[in-house]
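This report concerns only the one structure given below.
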Amino acid sequence: MRAAWYAKQGPAKRVIKVGEMDTPEAGPGQVRVRLAYSGLNPSDIKRRQGFGGQQLGYPRIIPHSDGAGVIDQVGRGVAKSRLGEKVWIWSGQWQRPFGTCAEYIALPARQAVAMPRRMNLLHGACIGIPAITAHRALFADGPIKGKTVLVTGGAGAVGNYAIQLAKWGGAALVLATVSSPAKARQAKAAGADVVINYKKQDVAQRVMRATQQEGVDHVVEVAFGVNQPTILKVLKPHGIIACYASDKAPEPVLNFYAFMQRNANLRWVFMYEIPDAAFRQATRDITAWLSKGKPHHPVAETFPLSQTADAHLYLQSGKANGNVIVAVDK
Ligand SMILES: NC(=O)c1ccc[n+]([C@@H]2O[C@H](COP(=O)([O-])OP(=O)(O)OC[C@H]3O[C@@H](n4cnc5c(N)ncnc54)[C@H](OP(=O)(O)O)[C@@H]3O)[C@@H](O)[C@H]2O)c1
């Protein structure tokens, strides 16, 4: 099969190669998926760069955890009825060497989730990490029906799904922050009721005005360290802050007493290691939402397999307004 891989960590253009590799076979309990698209996430970049001391871990890595394709082989113990099923994939390259940036992947059957027949595979490759992270950030602490939810970075891959799943989950009001008019359109298209440009507007003031000075019950937070002062101005007592990133301030100083006096709940989200039951609930809910809702999957750009390194550089540039995808069969 054709695949992209790297055998040492470093800059995309230097370490990512494209060529032929052995086609995997589905082992017991596994399915093999003939992939059409591979979805990139910031974690794929971080892993290749060795961010936070991450090691290569294996002699060769086929990058990317997300993807979509069709099951073409099932291993022992997996129902034959799954052959021909259109699926989206999660954690394809988490604690496994060979991810989705290849024509085929063999992986545990539960990590290939059936997608609605009418949905296209390009959109299927957007779902994995972003949608499961968004789901966990919203629902780890119970239902959000009737709640007021603030999604920071509402045009990001996770933020976009967080807005959509918050609406699906019955949130009464969803507010989102963005940094540009283009990103504001994206957050609106996802269903945000109120969109705030955090570079130009006073977020706390706008949130308080939009909530009749009550504040928000739940924050889905992409930049905890830098946004902590704002959160403290808008979080209701007993509110929840579900944090999944803090890239610009990785070691923030916690304003302990301010959080304590609100009885605030800090929820850390690390998608790869959520409990099994949470994965099952997330894939069930995402399936229900995909089938019944009107999902919006913003694809920023699609690259052919031969340009996988360019896809990495594009995501790294911070200019992508939506998901970055590699078409592995092109
Ligand atoms: N913990 C987990 O399990 C988990 C799972 C998935 C992703 N992540 C991490 O989460 C981060 C985002 O991932 P992603 O795939 O959603 O990336 P993405 O598509 O690049 O989105 C990130 C968004 O955050 C916005 N942003 C950055 N700083 C902000 C701030 N101070 N306030 C509000 N918005 C801000 C960015 O827009 P502007 O810069 O234009 O504002 C961008 O729209 C990455 O660090 C990723 O590694 C963690």
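The values are calculated or read from the model by the stated rules, or taken from the named source; none is laboratory data. Please read these numbers as outputs of a predicted model, since none were measured by experiment. When we count neighbours, we look across all protein chains shown, and the Cβ atoms used for this are built from the backbone with ideal geometry, even at glycine. The accessibility values were calculated without ligands, DNA or RNA, using every heavy atom of the protein model including side chains. Shrake-Rupley method; radii C 1.70, N 1.55, O 1.52, S 1.80 Å.
Structural remarks
- Residues satisfying the stated conditions in region 313-330, i.e. touching an Asp or Glu at 6+ places or on another chain (Cβ under 7 Å) and in contact (Cβ under 8 Å) with a residue 60 or more places away in the chain: VAL324, VAL328, ASP329
- Taken together, ALA176, ALA192 contain a single residue that is in a loop (DSSP other than H, G, I, E, B), free of Cβ contacts under 8 Å to residues at least 60 places away in the same chain and either closer than 26 Å to ALA288 by Cβ or more than 22 Å from the chain's Cα centre (by Cα) (or both), which is ALA192.
- Single match in PRO237, PRO229, PRO252, PRO275 (criterion: of a type outside the set (Ser, Thr, Tyr), without any contact (Cβ under 8 Å) to a residue 40 or more places away in the chain and touching a Lys or Arg at 6+ places or on another chain (Cβ under 9 Å)): PRO237
- Some residue of region 224-242 being among the hydroxyl-bearing types (Ser, Thr, Tyr), open to solvent by less than 90 Å² (accessible area, probe 1.4 Å) and touching a Leu at 6+ places or on another chain (Cβ under 8 Å): no
- Each residue in region 58-79 was checked for being in contact with a helix residue (DSSP H, G or I) (Cβ under 7 Å, 6 or more places away or on another chain) and not aliphatic (A, V, I, L, M), and 6 pass.
- Residue match in region 124-137 (condition: away from the ligand (no atom under 16 Å from the Cβ) and at pLDDT 95 or above): yes
Residue by residue, here is whether (1) of a type in the set (Gly, Ala, Ser); (2) without any contact (Cβ under 8 Å) to a residue 60 or more places away in the chain; (3) within 19 Å of ALA311 (Cβ to Cβ) holds:
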position: ALA3; (1), (2), (3): yes, no, yes
position: TYR6; (1), (2), (3): no, yes, yes
position: PRO59; (1), (2), (3): no, yes, no
position: GLY84; (1), (2), (3): yes, yes, no
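- Members of region 306-328 that are touching a strand residue (DSSP E or B) at 6+ places or on another chain (Cβ under 6 Å), surrounded by fewer than 20 Cβ atoms within 10 Å (Cβ to Cβ) and closer than 27 Å to ARG2 by Cα: SER306, ASP310, TYR314, ALA320, GLY322, ALA327
- Subset of region 85-110 (residues that are open to solvent by less than 10 Å² (accessible area, probe 1.4 Å), closer than 15 Å to LEU40 by Cα and in a strand (DSSP E or B)): TRP88, ILE89, ALA102
- Check on TRP289, of a type in the set (Phe, Trp, Tyr) and more than 15 Å from the ligand (Cβ to nearest atom): yes
- For region 203-217, the criterion of being surrounded by 17 or more Cβ atoms within 10 Å (Cβ to Cβ), aliphatic (A, V, I, L, M) and under 30 Å from PRO304 (Cβ atoms) is met by no residue.
- You will find that of ALA162, ALA184, ALA166, the residue that is open to solvent by less than 40 Å² (accessible area, probe 1.4 Å), away from the ligand (no atom under 11 Å from the Cβ) and assigned to a helix (DSSP H, G or I) is ALA166 and no other.
- When region 24-37 is filtered for residues that are buried (at least 16 other Cβ atoms within 10 Å of the Cβ) and not small (Gly, Ala, Ser), the ones remaining, listed by number, are PRO24, GLN30, VAL31, ARG32, VAL33, ARG34, LEU35, TYR37.
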